[in-house]
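J.: Questions regarding the structure given below will be posed in turn.
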Amino acid sequence: MDFTIDFTKEQIESIEDILQDELIDLGVQSVILMDLAGNVIVNLDSGDSSHDVFSLAALAAGNYGAVSAMANIIGEQEFSLLFHKGEEESIHFSKVVEDLLLLTIFNKNVSLGFLRLKVAEAIKRIQMLI
Amino acid sequence: MALINPKKREVQVKVVYYGPGRGGKTTNLEYVNQKFRKRILNEMVTVKTYGDRTLFFDFLPIDIGKIKGHSIKIQLYTVPGQVKYNATRRLVLRGVDGIVFVADSMDLRREMNIRSLQNLKENLETFNKNIFHIPLVMQYNKRDLADEGIPILPMETMQKDLNSRLRAPFFPASAVSGDNVAATMKKIIALTVGSLRKKLE
Ligand SMILES: Nc1nc2c(ncn2[C@@H]2O[C@H](COP(=O)(O)OP(=O)(O)OP(=O)(O)O)[C@@H](O)[C@H]2O)c(=O)[nH]1
Ligand SMILES: [Mg+2]
């Protein structure tokens, strides 16, 4: 059996700190760091949401894979913005490194522009850890 | 591609039900979903077209308890069996740890079983995986059709067509009645998790 990037307990804790600091503390409802097989690596939330993270991760992995395959068909490497906007809540996807995705769920109190900035910062910090 | 979370002491393992369209993959998961309700924390997710055909996948996470202090979460998936959905089928295979091949025992489906198995082999190769090296269980589904007088393939024929070289464990089954559905699942979990033990030492 082969394994996703092996994370140590310390790495996971550091990633949690980064996500808490960059995203949750700013009003983001929940964040999921996951791999493209659909595994959940880290999951944090603000305490007032209880989403089914495993199902979300499975669907997000499929969705991300499907969108990437579409990009390839039209000759793009990837689409840089992956975002689904809802009435109350929205979902944003971002690639961290090959095979790792960061999924963010946020509501109207957080602007997309600000969120993208914060996600980019969080990703930069996570990349330095792994 | 199993994932170990050393902080939560949790392992996620991905098992995929593969096979020709209408073979009974979704029915297997539906049965498991009913039968093992108390081990299943969330609703089964299905992405279907109308007519109940799987468009993308079904997903069912199931908790099987602890091994060496780690709680083991088995993520069961099905692929869409229809030939035209190969791109999505391949996405579901990403990171697979174990496979159940659900073959259709109906006489008429003989060729489709063989083609689907060949397709599995090719799709695994795109992820640099070898069908001979991945935990695999064969399920010869719809054995109950014989009772209705519908011609089915003898087990020996199916073994010869699909399993003569792979030599995977195999089960005659009926996903609608639940016959050997749990046995199939337990077998693939045992095979898949077996290779985990060493890693968890
Ligand atoms: N008689 C009989 N019918 C079955 C059995 N298993 C499944 N079926 C029927 O076969 C049909 C197709 O079953 P599904 O479980 O949807 O098949 P699938 O493999 O998921 O098909 P795709 O999603 O298209 O790949 C349904 O009408 C089922 O009720 C079985 O063991 N015996
Ligand atoms: Mg199906």
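Since every read-out is calculated from the coordinates, none of them should be taken as a lab result. Predicted model, so just to flag it, every value in this text is computed and none were measured. Note: ideal-geometry Cβ built from the backbone for every residue, glycine included; neighbour counts use all protein chains shown.
J.: Under a 5 Å amide H to amide H cut-off, with H placed in plane at 1.01 Å, what residues pair with B:Lys48 once short-range neighbours are removed?
T.: Amide H neighbours of B:Lys48: B:Leu55.
J.: Suppose R0 equals 45 Å; then what is the FRET efficiency for B:Glu156 and A:Asn109 from their Cβ-Cβ distance, rounded to the nearest 0.05? Please list the in-between numbers first.
T.: Numbers: r = 65 Å, r/R0 = 1.45.
For R0 = 45 Å, the calculated efficiency reads 0.10.
J.: Treat every Asp and Glu Cβ in the stretch B:101-193 as -1 and every Lys and Arg Cβ as +1, leave all other atoms uncharged, and give the resulting dipole magnitude about the Cα centre to the nearest 20 debye.
T.: Values: 12 positive and 11 negative charges, 87 e Å.
The dipole magnitude comes to about 420 debye.
J.: Still on this structure: Under the definition of partner shielding as Cβ atoms of other protein chains within 10 Å of a residue Cβ, what is the mean value for peptide B:90-97? Display every interim value, and only then the final one.
T.: Working: counts 2, 10, 6, 1, 8, 10, 1, 4.
The mean count of partner-chain Cβ atoms within 10 Å per residue comes to 5.
J.: Which of B:Lys121/B:Lys187; A:Lys9/B:Lys35; B:Lys25/B:Lys73; A:Lys95/B:Lys25; A:Lys118/B:Lys199 have a Cα-Cα distance over 29 Å?
T.: A:Lys9/B:Lys35; A:Lys95/B:Lys25; A:Lys118/B:Lys199
J.: Taking amide H positions as placed in the peptide plane 1.01 Å from N, state which residues far from B:Val137 in sequence (5 or more) or on other chains have amide H under 5 Å from it.
T.: B:Ile99, B:Val100, B:Phe101
J.: Indicate the gyration tensor shape class of chain A (rounded, prolate or oblate), computed on the Cα atoms with a ≥ b ≥ c the square roots of the eigenvalues: a/c under 1.5 is rounded; otherwise a/b larger than b/c is prolate and the rest oblate.
T.: Details: a/c = 1.44, a/b = 1.06, b/c = 1.36.
The shape class here is rounded.
J.: Next question, about the same structure. If you take every DSSP beta bridge fully contained in chain B, what fraction is antiparallel? Give it as a percent rounded to 5. Could the numbers behind the result be given before it?
T.: Numbers: 16 of 37 bridges.
About 45 percent, rounded to the nearest 5.
J.: Moving on. Rounded to the nearest 10 degrees, what's the angle between the helix B:181-200 long axis and the longest principal axis of chain B, both from Cα atoms, 0 to 90?
T.: Tilt relative to chain B: about 40 degrees.
J.: Provide the per-residue ³J(HN,Hα) series for the stretch A:112-119, in order, calculated from phi with Karplus coefficients 6.51, -1.76, 1.60 and θ = phi - 60°, each as a whole number of Hz, with x at glycine and proline positions.
T.: 4, x, 5, 4, 4, 4, 5, 4
J.: Further question on the same structure: Just to confirm a number: summing +1 for Lys and Arg and -1 for Asp and Glu over residues other than B:Ser174 whose beta-carbon lies under 10 angstrom from that of B:Ser174, what do you get? Walk me through the numbers on the way to the answer.
T.: Values: positive: B:Lys142, B:Arg143; negative: B:Asp144, B:Asp147, B:Asp179.
Cβ neighbours under 10 Å give a net charge of -1.
J.: Can I ask one more? Tally the DSSP beta bridges in the protein assembly as shown and give the antiparallel ones as a percent, rounded to 5. List each step's numbers first, then the result.
T.: Values: 39 of 61 bridges.
Taking every DSSP beta bridge with both residues in the protein assembly as shown, the antiparallel ones total about 65 percent.
J.: Distance from the Cα centre of the stretch B:51-102 to that of the stretch B:1-30, in angstrom?
T.: 4
J.: In debye to the nearest 20, how big a dipole does the protein assembly as shown give about its Cα centre with +1 on each Lys and Arg Cβ and -1 on each Asp and Glu Cβ?
T.: Values: 42 positive and 40 negative charges, 226 e Å.
Taking the Cα centre of the protein assembly as shown as origin, the dipole is about 1080 debye.
J.: Also: Using DSSP to call loops (not H, G, I, E or B), can you name the GluC sites (Glu not before Pro) in the stretch A:1-108 whose Cβ has at most 15 other Cβ atoms within 10 angstrom?
T.: Values: sites: A:Glu10, A:Glu13, A:Glu16, A:Glu22, A:Glu76, A:Glu78, A:Glu87, A:Glu88, A:Glu89, A:Glu98; in loops: A:Glu76, A:Glu78, A:Glu87, A:Glu88, A:Glu98.
Answer in residue order: A:Glu76, A:Glu78, A:Glu87, A:Glu88, A:Glu98.
J.: Suppose every Lys and Arg Cβ carries +1 and every Asp and Glu Cβ carries -1, with no other charges. What dipole size does chain B come out with about its Cα centre, to the nearest 20 debye? Working shown, then result.
T.: On the way: 34 positive and 19 negative charges, 201 e Å.
The calculation lands at about 960 debye.
J.: Given the Cα-Cα distance of B:Asn86 and B:Ser195 and 0.36 nm per residue of separation, how much length would full extension add, in nm? Before the final figure, lay out the partial values.
T.: Details: separation 109, 0.36 × 109 = 39.24 nm, distance 2.85 nm.
Length gained between B:Asn86 and B:Ser195: 36.4 nm.
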